[in-house]
Amino acid sequence: MNVLIVGAGPTGLTLGIDLARRGVEALVVERAESLFPGSRGKGLQPRTQEVFDDLGVLEAIRAAGGPYPARMIWKDGKRIGAQPMFDAIEPDEGTPHTDPLMIAQWRTQEVLYTRLAELGGEVSFGREVTGVEQDADGVTVRFADGTTARARYVVAADGGRSAVRRALGVGMTGEPVDPAPFLVADIRLTGLDREHWHTFPGPDGTGVALCPLAGTDDFQLQARLAQGTEPELSLDGVRKLVAAYTHLDAEDVTQLRWASDFRPRTGLADRFRAGRVFLAGDAAHIHSPAGGQGLNTSVQDAYNLGWKLGAVLRGAPDSLLDTYEEERRSNAAAMLDLSTSVHRGEVRRGRATLQLELGYRESSLSVETRVGPAGLRAGDRAPDGTVSGVRLFDAFRGPHWTLLGAETSHAGVRTLPAAPESYGPGVFLVRPDGYVGWAGETTEGLAEYARRAGVFEAP
């Protein structure tokens, strides 16, 4: 096969969808016997919503989730007051999505899995990877049951304890973000409204938060415990925790559906590419959950890598794949810093956490040939807009490139006669992942860029 993806989380499923719509032969393998059952990463940032729009799942994602409620602060059994979870950002023509969307991670994965199946993709469950060996032509993956699989490329999307990363010997550098133990759980309870994210501060920075999970009957419990405390992941343990920090009785917790404990830390893999193997998602970077950056950064990894794998498998230069690490590792490092700052209360959840301003201006794949350009530049996210009655996000949707402001006969490129006024003057070639790859005053130099970037049939 062409690509073997290890891990059926949001990263692996997103990549599987992107490859499937490109006609790339790929298989997702998952160690567990089923999809992840918990809510863990429950926030989808606006940039991820744009990605999911392109992949054809945004409507289903929105139907399965909902908006974030305001935070309600409690003390001694009384409501102290409510405050918004995020700074309000007004949408405009270029940024139609500005509000994070809440959806339990297990629901996100169900939607992605359904979409992958619609496109003919497949997940093979119960396949635990124990080793990888690569040569000049491909990668052999060994499984715990003694079987092997062979692929031209392998993508490790198998989480923070990635077996593939360890087998490759790729190190991960990081540090603790918070010395306290945390507990997260999906529970059913009575006695609280579902219009607020209820927070119950305790002494010395400890506390419990109970958030109604949009699209479900569950609440997500988040708890910061005292240092030295051992989290109890049983129903009785969760009941004791709720009774100790809130005005609710232990019996008000009627069901425990999933629970996990963790200590927030950062981690950044030393490399995102090792020959024919690529690291993505938590296998490449580990975040504090504060600010909702981890899952979203992971989806961006997959979105960046998918079109590049597809292009190289169709004959583009292998060097195109080097730009995955070049672009995504620096981006992930910035997001790790942001997550840590949000966790420590140094940055509010607002414009910085929406991921709309992330880009690749410094990438070797971003070529700006205009003199003194103002505003939008090569490497920036391509905003929405309208040209000749065509909405740009509709024009971008799909696995192709889009050229604004010129005509071309290149296969795999859609053209529009101009760019919106908001783009400024020039000609813009928009990558399949929605970033401006090349910008110029005329099309001079475009053909050479097209050859290097995998835009086919360049004259």
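The values are calculated or read from the model by the stated rules, or taken from the named source; none is laboratory data. Keep in mind the model is a prediction, meaning the values are calculated, not measured. Note that we place each Cβ from the backbone using ideal geometry, even for glycine, and neighbour counts take in every protein chain shown. For accessibility, only protein heavy atoms count, side chains too; no ligands or nucleic acids. Shrake-Rupley method; radii C 1.70, N 1.55, O 1.52, S 1.80 Å.
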Relative contact order of segment 137-247, please, whole-number percent, based on alpha carbon pairs below 8 angstrom and at least 6 residues apart. 21 percent
Highest-first arrangement of 367-377, 219-229, where packing means the average Cβ count within 10 Å: 219-229, 367-377
Considering only the chain, percent of DSSP beta bridges that pair antiparallel, nearest 5: 70 percent
Lysines within cross-link reach of Lys308: Cα-Cα under 29 Å, excluding same-chain residues under 8 positions apart? Lys42
Percent accessible area from carbon and sulfur atoms, segment 271-336, protein chains only, probe 1.4 Å: 51 percent
Using 7 Å Cα-to-Cβ label points, what is the Ile89/Ala144 separation (nm, one decimal)? 4.0 nm
Surrounding net charge for Arg273, when Lys and Arg each add one and Asp and Glu each subtract one, Cβ distance under 15 Å: 0
Per residue, in Å², the accessible surface of segment 117-213 once ligands and nucleic acids are set aside, probe 1.4 Å: 44 Å²
Taking a crude spin-label model, label points 7 Å out from Cα along the C-beta direction, the Val390 to Asp137 distance in nm is 4.3 nm
Mind checking the full-extension length gain between Ala32 and Asp322? Use 0.36 nm per residue of separation minus the Cα-Cα distance, one decimal, nm. 101.3 nm
Say each of Asp270 and Ala70 gets a label point 7 Å from the Cα, pointing the same way as Cα to Cβ; how far apart are those two points in nm? 5.1 nm
Compute, for the chain, the length of the dipole vector about the Cα centre, with Cβ point charges of +1 (Lys, Arg) and -1 (Asp, Glu) only. Units Debye, rounded to 20. 380 debye
For the chain, calculated [θ]222 nm from helices alone, where every DSSP H run of n ≥ 4 adds -39500 (n - 2.57): -8000 deg cm²/dmol
